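Every number here is computed from the coordinates shown, using simple stated rules; none is lab data. Quantities reported herein were computed from a predicted structural model and do not represent experimental measurements. Note: ideal-geometry Cβ built from the backbone for every residue, glycine included; neighbour counts use all protein chains shown.
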Amino acid sequence: DGGITQSPKYLFRKEGQNVTLSCEQNLNHDAMYWYRQDPGQGLRLIYYSQIVNDFQKGDIAEGYSVSREKKESFPLTVTSAQKNPTAFYLCASSVTGGSFGYTFGSGTRLTVV
Amino acid sequence: DQQVKQNSPSLSVQEGRISILNCDYTNSMFDYFLWYKKYPAEGPTFLISISSIKDKNEDGRFTVFLNKSAKHLSLHIVPSQPGDSAVYFCAATPAGGTSYGKLTFGQGTILTVHP
């Protein structure tokens, strides 16, 4: 079955630590995205990539980093510079252009302890 | 700058009645609009979409209406069922340019359908 897989589902991080969230897709989609969901604020775009080895900052990129070395993979690193990292993180992918909409992963809940 | 707005954080409806979820946008470059449904601790799933060349699109119990002059769209669910209880996000994307295909989401509306 084609789909998009995020891991882990739950992640706990100590203050000052970097953590990496995994996102893998086997849909042969060119574009991949990372969103953050906070209560009352909807989905906010962190980073996106429309092609391998290229990515752009979204609306709230500060404190985050990404890489796109393979078409299938778009990992997100939450660095210690992110002041409020506790949130629900969603990865998505789409065909180039994306006018047909996104396919989302099931999300990762990150909690800072 | 919130380019896509869902001004109602929540909506409560009786089973069998109509649910109407509203969405407003400010960017006149938006050309394609989508609705997603999301259950807690899961990713959003695509529900229905509409292109700006149409003013209505229907899929079973779900109908989306677009009023381009008012920059307003709405999702109608008839009849509403308890399983429809979820968060609904509207999203928009422009027809071209560097932002083509990049979805901008609203804040979401929590729909609760009571039996």
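Scan the range A:12-34 residue by residue and report those that are surrounded by fewer than 20 Cβ atoms within 10 Å (Cβ to Cβ), closer than 21 Å to A:Asn84 by Cβ and among the hydrophobic types (A, V, I, L, M, F, W, C).
A:Phe12, A:Val19, listed by residue number.
Looking at the range B:1-16, which of the residues that are out of contact with any His (no Cβ under 9 Å at 6 or more places or on another chain) and exposed (fewer than 13 other Cβ atoms within 10 Å of the Cβ) is nearest to A:Asp59 (Cα to Cα)?
Residue satisfying both the conditions and the ranking: B:Asp1.
Exactly one of (1) under 18 Å from A:Ser94 (Cβ atoms); (2) in contact with an Asp or Glu (Cβ under 6 Å, 6 or more places away or on another chain) is unmet by B:Leu103. Its number?
(2)
Please specify each residue of the range A:1-38 satisfying the condition of being part of a loop (DSSP other than H, G, I, E, B) and at the interface with chain B (Cβ under 9 Å from one of its Cβ atoms).
Of everything in the range A:1-38, just one residue is part of a loop (DSSP other than H, G, I, E, B) and at the interface with chain B (Cβ under 9 Å from one of its Cβ atoms), namely A:Lys9.
Filter the range A:35-44 down to the residues that are surrounded by fewer than 24 Cβ atoms within 10 Å (Cβ to Cβ) and not acidic (Asp, Glu) and list them by number.
Hits for the range A:35-44 are A:Gln37, A:Pro39, A:Gly40, A:Gln41, A:Gly42, A:Arg44.
Of the residues in the range A:46-63, how many are closer than 24 Å to B:Asp1 by Cα, out of contact with any Lys or Arg (no Cβ under 7 Å at 6 or more places or on another chain), of a type outside the set (S, T, N, Q) and assigned to a strand (DSSP E or B)?
So the count comes out to 1.
Can you spot a residue in the range A:80-91 that is more than 14 Å from every other protein chain (Cβ to nearest Cβ), hydroxyl-bearing (Ser, Thr, Tyr), in contact (Cβ under 8 Å) with a residue 40 or more places away in the chain and surrounded by fewer than 19 Cβ atoms within 10 Å (Cβ to Cβ)?
yes
On the given criteria, is A:Tyr102 free of Cβ contacts under 8 Å to residues at least 40 places away in the same chain, within 8 Å of chain B (Cβ to nearest Cβ) and either among the hydrophobic types (A, V, I, L, M, F, W, C) or closer than 21 Å to B:Gln2 by Cβ (or both)?
no
Just for the range B:65-115: of the residues that are part of a strand (DSSP E or B), among the hydrophobic types (A, V, I, L, M, F, W, C) and more than 14 Å from chain A (Cβ to nearest Cβ), which one is surrounded by the fewest Cβ atoms within 10 Å (Cβ to Cβ)?
My answer is B:Phe65.
For the range B:37-61, give me the residue count where each residue is in contact with a Leu (Cβ under 6 Å, 6 or more places away or on another chain) and either within 13 Å of another protein chain (Cβ to nearest Cβ) or touching a residue at least 24 places away in the same chain (Cβ under 8 Å) (or both).
Qualifying residue count for the region: 4.
So, of the residues in the range B:31-64 that are in contact with a Lys or Arg (Cβ under 8 Å, 6 or more places away or on another chain) and under 14 Å from B:Thr93 (Cα atoms), which turns out to be surrounded by the most Cβ atoms within 10 Å (Cβ to Cβ)?
Here the residue is B:Ile50.
Select, from A:Lys57, A:Lys9, the only residue that is surrounded by fewer than 17 Cβ atoms within 10 Å (Cβ to Cβ) and in contact with a Gly (Cβ under 9 Å, 6 or more places away or on another chain).
Checking each option against the conditions leaves just A:Lys9.
Scan the range B:1-22 residue by residue and report those that are out of contact with any Phe, Trp or Tyr (no Cβ under 8 Å at 6 or more places or on another chain) and within 13 Å of another protein chain (Cβ to nearest Cβ).
Result: B:Asp1, B:Gln2, B:Asn7, B:Ser8, B:Pro9, B:Ser10.
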